[in-house]
Amino acid sequence: MRAFIFPGQGSQAVGMGKALSDASPVAKAVFQEVDEALGQHLFRLMTEGPEDQLVLTENAQPAIMANAIATLRVLEREGGMRLADKADYVAGHSLGEYTALCAAGALDLATTAILLKHRGQAMQAAVPVGEGAMAALLGADVEKAKAIAAAAAEGEVCTVANDNDPSQVVISGARGAIERAIAMAKDMGAKRAVLLPVSAPFHCPLMQPAADAMEKALAEARIDAPLVPVFANVTAAAVSDPDTIRRLLVEQVTGMVRWRESVLAMAGTGVDRFVEFGGKVLSPMVKRIAPDVEATSVITMDDIEGLFASL
């Protein structure tokens, strides 16, 4: 059994998508459709920068999605492959869940791009710059991370945002609380704590204004039943019902990304091969979570050809 998986924020880089677009009219069409949907030259920003504009949440989110969908579409259109024939599940990390829904036909490409642009803007606006922060706790599991977050909170928001894998958990909240967590992390059993270069404290209660904004946006968006079930971040369980998908996407804005549990749950159903499209962020995590499964990354035309030959 196979799962197709899609990366979240942090996998963006200036130059992304250029080689793919140059090599494939199918990829080029994806980037053009996203530009038209957003009314901006996002692909130019992806390929030429400047980097300080690409990393802005409202640009990075649709850019990462477009790059992953372009990679998948090349495989589908040029290889004559149907996702439903080759994947049993799809899943994505944070914004990658939107990419997964697009890949599985629950959201069309233009709608996905517009929702992610809106999501990025809403998340950035939810907390004034400098008031929130996120940190990666390395060498700490989720229970240890919860204990560190609770000890550091001191009445401020400080919670686990991403349970990525057994050795990496991300916390999010008020800047003061996150700084306290970093200071005490080593004494409480983490190997290291690293402040992340993000512009807002994602996946914590401080994001409630963004969740409210996304509830309105998603209420107006058409969501169809996906071709294959999607593993949702906030439940780590498969979902196919459009109304449930809509509700869980709202909850995801403030909720914890349960990636480690999602991978274990997929492996538990018999998935023994994970294929990451458009990045090489999730596949190393998958191997740390479930060492016995196969995990590959598909980024270049050579990767696509190699995957096609092995499917």
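The values are calculated or read from the model by the stated rules, or taken from the named source; none is laboratory data. Remember, it's a predicted structure, so these values are computed and weren't measured experimentally. Backbone-built Cβ (ideal geometry, glycine too); neighbour counts: all protein chains shown. Protein only, heavy atoms only, side chains kept; ligands, DNA and RNA dropped before computing areas. Shrake-Rupley method; radii C 1.70, N 1.55, O 1.52, S 1.80 Å.
Subtracting the Cα-Cα distance of residue 147 and residue 187 from their residue separation scaled by 0.36 nm leaves 13.2 nm.
Enter the angle in degrees (range 0 to 90, nearest 10) between the Cα long axis of helix 175-185 and the first principal axis of the Cα atoms of the chain, meaning the one along which they spread out most. Relative to the chain, helix 175-185 is tipped by roughly 80 degrees.
Principal-axis analysis of the Cα atoms of the chain puts helix 301-310 at an angle of about 80° to the longest axis.
Residues with beta-carbon under 10 Å from that of residue 37, excluding residue 37: net charge, scoring Lys, Arg +1 and Asp, Glu -1? Its environment carries a net charge of -3. Rolling a 1.4 angstrom probe over the protein heavy atoms with all chains in place gives the chain an accessible area of 40 Å² per residue. By the helix-only formula, in which each DSSP H run with n ≥ 4 contributes -39500 (n - 2.57) and the sum is divided by residues, the chain has a 222 nm mean residue ellipticity of -15500 deg cm²/dmol. Residues in region 224-265, backbone N under 20 Å from the label point at residue 167 (7 Å along the Cα-to-beta-carbon vector): list them, ranges by number please. Those under the cut-off are 259-264. What is the calculated FRET efficiency for residue 216 to residue 280, with r their C-beta to C-beta distance and R₀ = 35 Å, to the nearest 0.05? That pair, residue 216 with residue 280, gives E of 0.50. Cα centroids of region 99-122 and region 201-225: 12 Å apart. A Förster distance of 35 Å, applied to the separation of the beta-carbon atoms of residue 302 and residue 82, puts the FRET efficiency at 0.95.
Assuming charge only on the beta carbon of Lys and Arg (+1) and of Asp and Glu (-1), the dipole of region 79-208 about its Cα centre is about 240 debye to the nearest 20.
Among the protein heavy atoms of the chain, carbon and sulfur supply 51% of the accessible surface, probe 1.4 Å, non-protein parts ignored. A simple count of charges around residue 246, restricted to other residues whose Cβ falls under 13 Å of its Cβ and scoring Lys, Arg +1 and Asp, Glu -1, yields -4. Model label points for residue 225 and residue 247, set 7 angstrom from Cα along the Cα-to-Cβ axis, are 1.8 nm apart. Between the listed residues 109, 67, 87, the Cα displaced farthest toward the positive end of the dipole of region 19-140, a dipole computed from Cβ unit charges relative to the Cα centre, is found at 87.
Bridgeable lysines around residue 86 (alpha carbons under 23 Å apart, same-chain partners fewer than 8 residues away excluded): 280, 287. DSSP beta bridges fully contained in the chain are about 55 percent antiparallel.
I'd like the per residue volume of the convex hull spanned by the Cα atoms of region 1-80, given in cubic angstrom. List each step's numbers first, then the result.
Values: hull volume 7.3 nm³, N = 80.
So the per-residue hull volume is 92 Å³.
The charge dipole of the chain, taken about its Cα centre with unit charges on the Cβ atoms of Lys, Arg (+1), Asp and Glu (-1) only, comes to about 400 debye. Post the alpha-carbon centroid distance, region 1-48 to region 62-76, in whole angstrom. Value for the Cα centre distance between the two parts: 6 Å. Axis angle, to the nearest 10 degrees, between helix 142-153 and the longest C-alpha principal axis of the chain: 50 degrees. Defining a contact as two alpha carbons under 8 Å apart and six or more residues distant in sequence, what relative contact order in percent does the chain show? That works out to 22 percent.
Relative contact order (percent) for region 123-235, with alpha-carbon contacts under 8 angstrom and 6 or more residues of separation?
Value for region 123-235: 33 percent.
Taking every alpha-carbon pair under 8 Å whose residues sit at least 6 apart, region 154-206 reaches a relative contact order of 38 percent.
Highest GNM mean-square fluctuation among 66, 151, 136, for the chain modelled with Cα contacts below 10 Å: 151.
For residue 103, neighbours were defined as the other residues whose beta-carbon sits under 14 Å from its Cβ, and their charges (Lys and Arg +1, Asp and Glu -1) total -2.
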